[in-house]
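Everything below concerns the one structure shown next.
The values are calculated or read from the model by the stated rules, or taken from the named source; none is laboratory data. The structure displayed is predicted, hence computed values, not measured ones. In this analysis, Cβ positions are derived from the backbone assuming ideal geometry, glycine residues included, and neighbour counts consider all displayed protein chains. The protein model used for the area step is the full one, side chains on, heavy atoms only, and it has no ligands, DNA or RNA in it. Shrake-Rupley method; radii C 1.70, N 1.55, O 1.52, S 1.80 Å.
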Amino acid sequence: MGTQRNGFKKESFILSVDVGTTSMKCHVYDKEAKIRGSCATKVVPLYPEVGHVEMDPDDLWKGFISVVKGAVQDAGVQMRQIEALGISTQRGTFTTWDRKTGVPFHNFISWQDQRTADLVKSWNRSCTMKAIHSVMKMVYFLTRQKRSLAASLIVFSTQHVTFRLVWALTHYKQVCGSVDEGNCCFGTIDTWLLFKLTKGQVHATDYSNASATGIFDSYQMCWSGFLSSLVSLPLSIFPKMADQQAAMFGECCFDVGDVKITMGTGTFMDINTGSKPHTSVAGLYPIVGWKIGSEVVYLAEGNAADTGTAIRWAQKLELFSDVTETSAMAYSVSDSDGVCFVPSFSGLQAPLNDPKACASLMGLKPSTTKSHLVRAILESVAFRNKQLYETMLRETRIPITKIRVDGGVSSNDFVMQLTADLFGRKVARPQHNEMSCLGAAFVAGLGVGFWRSREELKKLQSTDTMFLPQGAAKEGAGSTSREYIPILQSWERALRRSMNWYKQP
């Protein structure tokens, strides 16, 4: 595919941008899904108060323009050769702005933000929620509709937009006044970028981002009037109809039972559940994977918020100078010398769901070395993977067809091998770990006919390393390596001691 100019066919490309939690990257892809040009910049989080995590909207927009121009220049192509632009963004991070001027009322409030932890906890324990659960259980008993079962199990999370948006409406007078005037726009990062790219003509989001806000009804495929009215959110501010779904598409996890694990700032584990949303009791979240034409594909997702955060923290403490050293350091000792690390700087997510949990190091001794500490930190990443995987197996009861892992932390061989050992299954790592960017490119490319079908995309898929579970032949496929069972039990004990630690978020 290309453009006819001066009697010859000019090569065309797909441009794709991934706005992550700590970095923003742009790649130019050719027909073989090879990267022809790249540019990246840092995303700088702001911490105005304890528990508050924000980003500057103007800085984000400037960074977006910068990486797009930089990637096109790096590829040595012209903008007219770009067939389409794909955008993948972190989900659950939002701002509000003036519909007429486009000026934000406040910074982006990040998905990692904990300012509403007390509010979320009080709502989940409230008489209102208990009444809703009781009524919907009765409705489910009578109708057997899964939507009613989902309503009977609903719990709020700090990672959902819901109560952070309530907080913004309560604390920012400009927002409240603008809502009354019908002049307020709400949006996640994708909506903000689209609004800016179209000079204020389009206020919209996609189903995948909307379904991760906690205000979207994935069963009815619309903004939930019930949830909005429950917490007093005006529907007028919402856009018309993220990244983890883009990564799922980039990994070509198109079939029911395909699992994708992205290990970046946080870990996000998704399983393709097909044409029906999953109803969870332990904190897995039913989200829309993608909607192409009339086809809707759903995912069930669990996450751990502090994967890359824990590793960067260890680097700041000078436990190591280069992150590439960590795998060798972990392998240099036979075990962690009894040290357990709990990676919960932002609380604990599924299946424990405790926003008040603290990060902790336990079992320190005079004999403990830096290598023991590094091994304990890397083990904790794989242990959280194990928790999420077991929750997914137990809840969905869907046979796993394949497991593919991407994200920056997936480059660590120790974490990858231990994850395979704990799962008792082979785990594949692609040659390039930036699957969110590739997934957004795939979706955009399919939309304009740059690529013709998903089967064509599967042929473009490449695997760098296949990690096979060690000891699986003796213990049987799907079983955890026996040597790690007591270590895992000690870590789970440390986990319980770290729970419900903080009175304030």
- Task: Hey, could you check segment 17-34 for residues that are assigned to a loop (DSSP other than H, G, I, E, B) and under 16 Å from the mean Cα position of the chain (by Cα) and say which is farthest from Glu54 (Cα to Cα)?
- Result: Gly20
- Query: Only one residue in Leu418, Leu438 is buried (at least 24 other Cβ atoms within 10 Å of the Cβ) and modelled with pLDDT of 95 or more, so which one is that?
  - Reply: Leu418
- Item | Matching option when the condition is acidic (Asp, Glu) and open to solvent by less than 30 Å² (accessible area, probe 1.4 Å), among Glu54, Glu83, Glu49 | Glu54
- Could you tell me whether Ser321 is assigned to a loop (DSSP other than H, G, I, E, B), of a type outside the set (Phe, Trp, Tyr) and in contact with an Asp or Glu (Cβ under 8 Å, 6 or more places away or on another chain)? no
- Query: Taking Ser126 and the conditions (1) closer than 30 Å to Leu348 by Cβ; (2) surrounded by fewer than 16 Cβ atoms within 10 Å (Cβ to Cβ); (3) modelled with pLDDT of 95 or more, which numbered condition does it fall short on, given that it satisfies the others?
  - Reply: (3)
- Condition met for Trp192 (over 22 Å from Val296 (Cα atoms), open to solvent by 10 Å² or more (accessible area, probe 1.4 Å) and in a helix (DSSP H, G or I)): no
- Could you tell me whether any residue of segment 137-159 is of a type in the set (Lys, Arg), under 21 Å from the mean Cα position of the chain (by Cα) and on the phi < 0 side of the Ramachandran plot? no
- Take the residues in segment 330-345 that are open to solvent by 30 Å² or more (accessible area, probe 1.4 Å) and not in a loop (DSSP other than H, G, I, E, B), then tell me which one is nearest to Thr369 (Cα to Cα). Tyr331
- Message: Given the criteria within 26 Å of Ala246 (Cα to Cα) and open to solvent by 30 Å² or more (accessible area, probe 1.4 Å), does Lys291 qualify?
- Response: yes
- Message: Looking only at residues that are part of a strand (DSSP E or B) and open to solvent by 20 Å² or more (accessible area, probe 1.4 Å) in segment 238-272, which one is modelled with the highest pLDDT?
- Response: Phe268
- Message: Looking for something open to solvent by 10 Å² or more (accessible area, probe 1.4 Å), modelled with pLDDT of 95 or more and acidic (Asp, Glu) - is there at least one such residue anywhere in segment 407-414?
- Response: yes
- Message: Could you go through segment 394-403 and let me know if any residue there is in contact with a helix residue (DSSP H, G or I) (Cβ under 7 Å, 6 or more places away or on another chain) and either assigned to a loop (DSSP other than H, G, I, E, B) or surrounded by fewer than 22 Cβ atoms within 10 Å (Cβ to Cβ) (or both).
- Response: no
